Amino acid sequence: MIQTVIFDMDGVIIDSEPVYFKIDKQMFEELNIAVSFEEHCTYVGTSSQNMWDAIIKKHDIPRSSRGANEKRIQSLHGSPRQCK
């Protein structure tokens, strides 16, 4: 019988921001868009969907490139978003 459940609010047990930042940066490079570290930090704490919706709108990313979020989610199982 399970007597204990551990629920990790992102960053409590594992700091996953560096993983997200690394993957996001790769996606920005593949899409050939310039997202500064400062801009990137403004999305910390929001959902991936909200972040990509804002980036797509702000950087006028063509519809053909909008699979970025799906590709990013698939990549998360491989690698670390950190603002200081």
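For region 19-45, enumerate the residues that are within 9 Å of the chain's Cα centre (by Cα) and assigned to a loop (DSSP other than H, G, I, E, B).
Once the filter is applied, which keeps residues that are within 9 Å of the chain's Cα centre (by Cα) and assigned to a loop (DSSP other than H, G, I, E, B), region 19-45 yields 43, 44.
What is the one condition in (1) of a type outside the set (Val, Ile, Thr); (2) on the phi > 0 side of the Ramachandran plot; (3) surrounded by 15 or more Cβ atoms within 10 Å (Cβ to Cβ) that residue 43 does not satisfy?
The single condition residue 43 does not satisfy is (2).
Is one or more of the residues making up region 61-77 of a type outside the set (Asp, Glu), modelled with pLDDT of 80 or more and on the phi < 0 side of the Ramachandran plot?
yes
Given (1) over 21 Å from residue 62 (Cβ atoms); (2) surrounded by 12 or more Cβ atoms within 10 Å (Cβ to Cβ), identify the lone condition not met by residue 27.
(1)
Search region 5-19 for residues that are under 17 Å from residue 48 (Cβ atoms) and pair each with any residue that is at pLDDT 80 or above and not acidic (Asp, Glu) when their beta-carbon atoms are under 8 Å apart and the residues are at least 6 apart or on different chains.
Correct list of pairs: 10/16; 17/44.
Checking residue 37 against (1) of a type in the set (A, V, I, L, M, F, W, C); (2) surrounded by 14 or more Cβ atoms within 10 Å (Cβ to Cβ); (3) at pLDDT 85 or above: exactly one of these is not met. Which one?
Against the list (1) of a type in the set (A, V, I, L, M, F, W, C); (2) surrounded by 14 or more Cβ atoms within 10 Å (Cβ to Cβ); (3) at pLDDT 85 or above, residue 37 comes up short only on (2).
The values are calculated or read from the model by the stated rules, or taken from the named source; none is laboratory data. Everything numeric here is computed off the predicted structure, so don't read it as measured data. Note that each Cβ is placed from the backbone with ideal geometry, even for glycine, and that neighbours are counted across all protein chains shown.
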